[in-house]
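See below for the structure under consideration.
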Amino acid sequence: MYSEKELTDQFVKSGSEEAFRALYRLKTPGLYRLALHLCRQDQYLAEEAVQEMWIIGVRKLKDFQWRSTLQTWLTSILINVIRSQQRKHPKQQDDFEKSIQGKENVEIPAVFTAYDLREGISRLPDGYQQVIILHDIEGYTHKEIGEMLNINEGTSKSQLFQARKAVRTYLSEKHIKPHQS
């Protein structure tokens, strides 16, 4: 089994379809999962983003210098593609961000479903959503996230804090029933 660096070198030097297919099979499942999260579970947009990411990635692969991992580099391209999609088709912003302002110590309900959590994350502003998905779901470090999103490590930490607070607020408000008198 070849390493991703060997496969990349093989593809860049000879245009080996076999090497590209191996890289594609190795990297696409995780990148698609990330795209699906960032595209708010829209399979069509996620598939489109991943394909566009590969088109750009293949074009630029010869210039990749291994300063980061291939995964981090491809993720950066994917995020930029998704940002471009979102600029072309802006989603309607709700007042979710305003609803969390000033709420510090929100209790998380003891029971909530994965659907509730996914819904809470999907309501986040794009920056918060990207950071919480990259950090808490995909396991990237704040340094890697900073490189991918072209932000400071401290900004990544701050956005993660705000994203978690917003999701806690959403989960708390979703499960608190109005008092019956």
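Looking at segment 68-153, what helices (runs of 4 or more DSSP H) fall wholly within it and have at least 2 residues that are under 18 Å from Arg33 (Cβ atoms) and at pLDDT 90 or above?
70-88, 126-132, 142-149
In the condition set (1) over 25 Å from Ser122 (Cβ atoms); (2) under 13 Å from the mean Cα position of the chain (by Cα); (3) among the polar types (S, T, N, Q), Gln71 is compliant with all but (1). The set of residues in segment 112-141 being within 19 Å of Arg83 (Cα to Cα) and over 13 Å from the mean Cα position of the chain (by Cα) consists of Arg123 alone.
The values are calculated or read from the model by the stated rules, or taken from the named source; none is laboratory data. Just so you know, these numbers come straight off a predicted model, no measurement behind them. No Cβ is skipped: glycine too gets one built from the backbone with ideal geometry, and neighbour counts run over all protein chains shown.
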